[in-house]
Amino acid sequence: MQRIDSSQAVVGIDVSKSSLDCFIDLPDKVLTVSNDETGRADLIAQLRQMNVGLVLIEATGRYHRRLAADLLDAAMPVAVVNPQRAREFARSTGKLEKTDRIDARVLAQFARAITHQTVAQGPQKQTELDDLVSRRRSLVQLRIAEKNRQGEEQPKLARSQSIKLLRLIEQQIEDLDRAIAALIEADDDWKNKHRIITSIPGVGDSTASQLIADLPELGKVNRQEIAKLAGVAPLNRDSGGHRGKRRIMGGRAAVRCALYMGAFNAMRRCDRFTQMARKLHQAGKPFKVIVTACMRKLLVILNEMVRTNTCYRATVAHG
């Protein structure tokens, strides 16, 4: 967590494909630069002249990653937040208008008002891995959609094109799998983390790759924090004498998808998760509750395994 001194400036940057709108609260300065190598270098050069306590940016896919990497290379504290959180903060302050400059100012106010988790310096090829994993995820979704269409009656030409497209998608997914595997193999930390994650029966290469790319905090925070980051922590819904059902919400959707597949397979191939699922089923819990509980348990176990650098077989006895 980054604590900001009152004498330090906080910076909010609204990121778009072509530009970066920046607001610096001390000394109340607005900047707009192009979102390219030259523009980012100019922005960082100006920020270096100030006592910056935190730079806050929204998660916008590949557009924010290069900026975050450049800021980290310049040894500046950076935090990345979910755009929905920033918008809710804006509404809570009565700011209903929305422009790039307004968003940058709101981000700076958000950075000043709340303590944020800063981003750690990752491997140099983190952006490349993120892009490859994101591309693979998109192709998998496209494959599912195309297979669903094959169940419908189609003209001969449409069906023929669908079959060819599926072959192409499968080939591209295989190419991406090889490229992702090569990237992970070339990085000692990723390679070790991949070995640990896949030591749990049922957790495969794809799940491990997605967790490495989308959850770099794995093994670096406590069990409550990692569950909230992934959006699998049961949240209270109580008011007065009412006790509502605990629900999960927020977090990183891509991580939850990876955990779902990992937990789903572990429930069938790993004795520990098979027994857990059976007990919950016997207690009358619906499948959604069962798989969510297994997802959270899987994440907590993985977090501890990565933290202690221990594979599953060596830790299973500790529960």
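The values are calculated or read from the model by the stated rules, or taken from the named source; none is laboratory data. The structure presented is a predicted model; accordingly, all values stated were derived computationally and were not measured. Counting neighbours? That spans all protein chains shown, and the Cβs are built from the backbone with ideal geometry, glycine included.
Only helices (runs of 4 or more DSSP H) wholly contained in segment 181-259 count here; list those with 2 or more residues that are more than 19 Å from residue 292 (Cβ to Cβ). By residue number, 188-197, 205-214.
Only one of (1) part of a helix (DSSP H, G or I); (2) in contact with a Pro (Cβ under 9 Å, 6 or more places away or on another chain); (3) without any contact (Cβ under 8 Å) to a residue 60 or more places away in the chain is not met by residue 119, so which one is it? The one condition residue 119 does not meet is (1).
In segment 57-73, the residues that are without any contact (Cβ under 8 Å) to a residue 40 or more places away in the chain and assigned to a strand (DSSP E or B) form no Cβ pair under 7 Å with any partner that is of a type in the set (S, T, N, Q) and surrounded by 20 or more Cβ atoms within 10 Å (Cβ to Cβ), whether six or more places apart or across chains. Given the criteria assigned by TED's automatic domain parsing to the domain that holds residue 181, charged (D, E, K, R), more than 24 Å from residue 228 (Cα to Cα) and out of contact with any Cys (no Cβ under 9 Å at 6 or more places or on another chain), does residue 97 qualify? Criteria not met by residue 97. The set of residues in segment 1-50 that are of a type in the set (Val, Ile, Thr), over 16 Å from residue 79 (Cβ atoms) and either in a strand (DSSP E or B) or at pLDDT below 90 (or both) comprises 30, 32, 33.
Quick one: which residue in 180, 173, 144 is modelled with pLDDT of 90 or more, closer than 24 Å to residue 206 by Cα and in contact with a Ser or Thr (Cβ under 7 Å, 6 or more places away or on another chain)?
Numbers: 173 fails: in contact with a Ser or Thr (Cβ under 7 Å, 6 or more places away or on another chain); 144 fails: in contact with a Ser or Thr (Cβ under 7 Å, 6 or more places away or on another chain).
That would be 180, the only listed residue that is modelled with pLDDT of 90 or more, closer than 24 Å to residue 206 by Cα and in contact with a Ser or Thr (Cβ under 7 Å, 6 or more places away or on another chain).
Regarding residue 279, is this residue modelled with pLDDT under 95 and either under 26 Å from the mean Cα position of the chain (by Cα) or farther than 19 Å from residue 205 by Cβ (or both)? In short, no.
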